[in-house]
Amino acid sequence: MHNSNQFICGKFQLDLMRPHVMGIVNVTPDSFSDGGRYASAELAVAHALQLVAEGADILDIGGESTRPNATPVSLDEELSRVIPVIERLVREVEVPLSIDTYKPEVMREAVNAGAAIINDICGLQAPGALDAAAEGNAGVCLMHMQGTPQTMQQNPTYGDVVQEVKAFLEERLQASQAAGIAAERIVLDPGFGFGKRTVHNIALLNGLPEVLSLGRPLLVGLSRKSVLGQILGSDVDQRLHGSLAASVVSVMKGARIVRVHDVKATVDALKVVDAVVNA
Ligand code: 7PJ
């Protein structure tokens, strides 16, 4: 049996026995500057370098907000945001770069520019996405979502949220392998906050061991999310400590990659977890 803690992505082979921290790099227009596109790219690159200095193992680069109710951006706009950032970072950092997109064309161009991971909130369901991901040798993160970012929080409904998310991820894992993506190149993500109420998010966190039984490493994103706001009664800029607790719980429940904004704090928290778990 292969070691399910190995994650092959591009030229990298990550040993996820040690929990890995994925730092979030948003490339969005800076409304406070007139510098336009170039200024946004410069800001994103500077932020990414800072996250690597703080200990990020992976950088996740995204050009389209998928927060609830966010407006979609066009293909050309998304490409012009993320590709220059990937081109710069691939020369300047040694960690794998992940592209956060569901568009096949963005996957292709990002991998050609040097991205090693395709992080798809739609689980490679868009027409052409499986083939685009299978073409190169990038790793893939398959995420569960109920609905679309525009509508997902309107009325999320489940019978058994853990079993439904697990069944979806199992189907996408099989579809990906059938398209030619080796299991070793795949990680799975229950998609916290994507068409889930607080009760669903908490059930999923407790149910991570069940999802882990699919045999692939789990990636979890809870950083600053509204489920933490619900628990804490706090705004998005006051969720650091809750986010750290969420990362610690996730890893103790079996997650192997945590996707976070606050890298340094998360790296420290997970060092403590690792020291205890591997004692
Ligand atoms: C996630 C993501 C997540 C993965 C976003 C936000 C929303 N990709 N992209 N998992 N969340 N794989 O960060 O609040 O949970 S965007």
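The values are calculated or read from the model by the stated rules, or taken from the named source; none is laboratory data. Note that the structure is predicted; figures quoted are calculated from it, not measured. Backbone-built Cβ (ideal geometry, glycine too); neighbour counts: all protein chains shown. Just so you know, the surface numbers come from the protein's heavy atoms only, side chains and all, with ligands and any DNA or RNA stripped out. Shrake-Rupley method; radii C 1.70, N 1.55, O 1.52, S 1.80 Å.
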TODO: Evaluate the charge dipole of the chain about its Cα centre and quote only its size in Debye, nearest 20, assuming +1 on the Cβ of each Lys and Arg and -1 on the Cβ of each Asp and Glu.
DONE: 600
Task: Column: log10 I(q)/I(0), Debye, Cα scatterers of the stretch 45-85, q = 0.24, 0.33 Å⁻¹ - done: -0.86, -1.06
TODO: Could you pull the accessible area for Arg239 with a 1.4 Å probe, rounded to 10 Å²?
DONE: 30
TODO: Over the Cα atoms of the chain, compute the convex hull volume and normalise it per residue, giving Å³.
DONE: 125
Open item on the list: Taking the Kirkwood radius as the inverse of the mean 1/r across Cα pairs, report the Rg/Rh of the stretch 112-211.
Closed with: 0.99
Open item on the list: Using a 1.4 angstrom probe on the protein heavy atoms only, could you order Ser226, Ser234, Ser98 from most to least accessible area?
Closed with: Ser226, Ser234, Ser98
TODO: Give the long-range amide H neighbours of Glu64: residues separated by 5 or more places, or on another chain, with amide H under 5 Å away, using H modelled in the peptide plane at 1.01 Å from N.
DONE: none
Open item on the list: So if the hydrodynamic radius of the stretch 1-124 is defined as the Kirkwood radius over C-alpha pairs, what does Stokes-Einstein give as its diffusion coefficient at 20 °C and 1.002 mPa s, in µm² per second?
Closed with: 143
- [ ] Can you work out the accessible area per residue across the stretch 13-89, with the rest of the protein chains kept in place, probe 1.4 Å, in square angstrom?
- [x] 47
Open item on the list: Taking the Cα of Asn206, stepping 7 Å toward and past its beta carbon, and measuring to each backbone N in the stretch 157-171: which are under 17 Å?
Closed with: 158-166
TODO: Give me the distance in nm between label points sitting 7 Å out from Cα along the Cα-to-Cβ direction at Ala183 and Ser234, one decimal.
DONE: 4.0
TODO: Read phi for every residue in the stretch 148-153 and hand back ³J(HN,Hα) as whole Hz from Karplus 6.51 cos²θ - 1.76 cosθ + 1.60, θ = phi - 60°, with x for Gly and Pro.
DONE: 10, x, 5, 10, 4, 8
Task: Table column - 3J(HN,Hα) (Hz), the stretch 101-110, Karplus curve with 6.51, -1.76, 1.60, x for Gly and Pro - done: 7, 10, 8, x, 5, 5, 4, 4, 5, 5
TODO: Order Ser223, Ser65, most accessible first, counting only protein heavy atoms with a 1.4 angstrom probe.
DONE: Ser65, Ser223
Open item on the list: Quick check on the stretch 6-277: of the DSSP beta bridges with both residues there, what percent are antiparallel, nearest 5%?
Closed with: 15
- [ ] Sort Glu64, Glu109 from largest to smallest accessible area, using a 1.4 Å probe on the heavy atoms of the protein chains.
- [x] Glu109, Glu64
Task: Set Lys11/Lys225; Lys166/Lys253; Lys11/Lys271 screened for pairs whose C-alpha atoms are more than 24 Å apart - done: Lys11/Lys225; Lys11/Lys271
Task: Percent RCO, i.e. relative contact order, over the stretch 6-277, from Cα pairs under 8 Å lying at least 6 residues apart - done: 20
Task: Calculated FRET value between Glu42 and Gln125, using beta carbons and R₀ = 30 Å, to 0.05 - done: 0.35
Task: Dipole magnitude of the stretch 212-277 about its Cα centre (Cβ charges: Lys, Arg +1; Asp, Glu -1), debye to nearest 20 - done: 260
Open item on the list: Just want to confirm a number: the relative contact order over the stretch 13-151, from Cα pairs under 8 angstrom separated by 6+ residues, in percent.
Closed with: 21
Open item on the list: With just the Cα atoms defining each centre, how far is the stretch 165-203 from the stretch 41-90? Give it in Å.
Closed with: 23
Task: Accessible carbon and sulfur surface of the stretch 6-277 relative to its total accessible area, %, 1.4 Å - done: 53
TODO: Describe numerically, in nm with one decimal, the distance between label points set 7 Å from Cα along Cα→Cβ at Asp76 and at Val277.
DONE: 4.6
Task: Area of His20 that stays accessible when all protein chains are in place (1.4 Å probe, Å², to 10) - done: 10
